[in-house]
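A.B. asks: What follows is a single structure, and I will ask about it in a moment.
The values are calculated or read from the model by the stated rules, or taken from the named source; none is laboratory data. These figures come from a predicted structure and were not determined experimentally. Positions of Cβ are backbone-derived with ideal geometry, glycine not excepted, and every protein chain shown enters the neighbour counts.
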Amino acid sequence: MAGSDVATDASSAPDTVKILIAGGFGVGKTTMVGSVSEIVPLRTEEPLTMAGLGIDDLDGIEEKRATTVALDFGRITISRDLVLYLFGTPGQQRFWFMWNDLALGALGAVVLVDVRRPESSFAAIDFFERRGIPFVVGVNGFHGAHPYPPEDIRDALAVPEHVQVLLCDARERQSCRDVLIALIDQLIATAVQA
Amino acid sequence: MGGGDSAGRLVRPFALTGGRTRPSRADFTLIATVTAVDPQPDAAARCQPEHTRILRLCAEPVAVAELAARLDLPVSVVAILLCDLLEAGRITVRPPRLVSRTAPDLDLLKKVRDGLGRL
């Protein structure tokens, strides 16, 4: 293959950016993606059998016959030349390696938290903190109910002061939009300080 | 990895790639956009039905993840097929917008914010 003269750009194609929607299993990630996406959320699956999996991992998985890990995502066209993708990350943190570039180059992330079991989102918070990926916390109320003020949840999650904690309803478009805007505002504030 | 015969387990989607499990280039990340070259170069060998389906789906620019979802194939498989098409001069690829933590792009962020505000 010559390979040297392959075209690596298409000027008519839009720029693309992405935001990750993370959090524990069943916390409402796909619901949130669906609430703000202009398309019905799409799903792509990777077979779990290929590289990198430890024997222990495979053992458990085979029993459940779950041989793929799914990734759900949606799209928001920001303008004619800019498209934002929202990726609902796999609930099980240890499967993130299936998409090497999932977190790479993301603008930031929303960590969704279920107030009934906030610990299920600890791993996601750790993941972004350790990689220096900016994030906000969206507290997804069960049936829209919010029994705790954001500050109590901040304490429970032990997230630093500069990380916003917002109450939201993953089923509501406006509510999800506001969480995304809060993330971007946080990024803008950081950029202005820089 | 790489060799088709060493592993015990067969993963069906990779039959489409002739057993290759890794793309030959790293361009095809989730939100890289691909576009079919128009007009297509003269028909060459090695165009499987899946290649043809991809070309049809990327007549307009489309992200790799979206292609994979619409083809109902793993991203890793689609990336390998896209390598074939790129090397055959049948598609172009545009990498995602670069996001820098040390020098954030304020214009980009404001653009995203305005777009979200219009939702």
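A.B. asks: Which of the helices (runs of 4 or more DSSP H) contained wholly in segment A:116-194 include at least 3 residues that are β-branched (Val, Ile, Thr)?
C.D. replies: A:173-193
A.B. asks: Looking at segment A:136-180 only, could you name the residues that are out of contact with any strand residue (DSSP E or B) (no Cβ under 8 Å at 6 or more places or on another chain), within 20 Å of A:Thr190 (Cβ to Cβ) and among the small types (Gly, Ala, Ser)?
C.D. replies: none
A.B. asks: I want to confirm something. Restricting to segment B:69-99 and keeping residues that are facing chain A (nearest Cβ under 7 Å) and part of a helix (DSSP H, G or I), which single residue is farthest from the chain's Cα centre (by Cα)?
C.D. replies: The qualifying residue farthest from the chain's Cα centre (by Cα) is B:Glu87.
A.B. asks: Report yes if B:Ala63 is more than 7 Å from chain A (Cβ to nearest Cβ), small (Gly, Ala, Ser) and out of contact with any His (no Cβ under 7 Å at 6 or more places or on another chain), otherwise no.
C.D. replies: Criteria not met by B:Ala63.
A.B. asks: What about B:Thr102, is it more than 11 Å from the chain's Cα centre (by Cα), over 22 Å from A:Ile78 (Cβ atoms) and either assigned to a strand (DSSP E or B) or within 9 Å of chain A (Cβ to nearest Cβ) (or both)?
C.D. replies: Spelling it out, B:Thr102 is indeed more than 11 Å from the chain's Cα centre (by Cα), over 22 Å from A:Ile78 (Cβ atoms) and either assigned to a strand (DSSP E or B) or within 9 Å of chain A (Cβ to nearest Cβ) (or both).
A.B. asks: Looking for something in a helix (DSSP H, G or I), modelled with pLDDT of 95 or more, at the interface with another protein chain (Cβ under 9 Å from one of its Cβ atoms) and surrounded by fewer than 19 Cβ atoms within 10 Å (Cβ to Cβ) - is there at least one such residue anywhere in segment A:81-102?
C.D. replies: no
A.B. asks: Quick one: would you say B:Arg90 is under 27 Å from A:Cys176 (Cα atoms), touching a residue at least 12 places away in the same chain (Cβ under 8 Å) and of a type outside the set (Phe, Trp, Tyr)?
C.D. replies: No: the conditions fail for B:Arg90.
A.B. asks: Any idea how many residues of segment B:16-42 are surrounded by 14 or more Cβ atoms within 10 Å (Cβ to Cβ) and part of a loop (DSSP other than H, G, I, E, B)?
C.D. replies: 15
A.B. asks: Then there's this: Look at segment B:84-100 and say how many of its residues are out of contact with any helix residue (DSSP H, G or I) (no Cβ under 9 Å at 6 or more places or on another chain) and not acidic (Asp, Glu).
C.D. replies: The total comes to 7.
A.B. asks: With the requirement that a residue be closer than 17 Å to A:Trp96 by Cβ and facing chain B (nearest Cβ under 9 Å), what does segment A:20-44 give you?
C.D. replies: A:Arg43, A:Thr44
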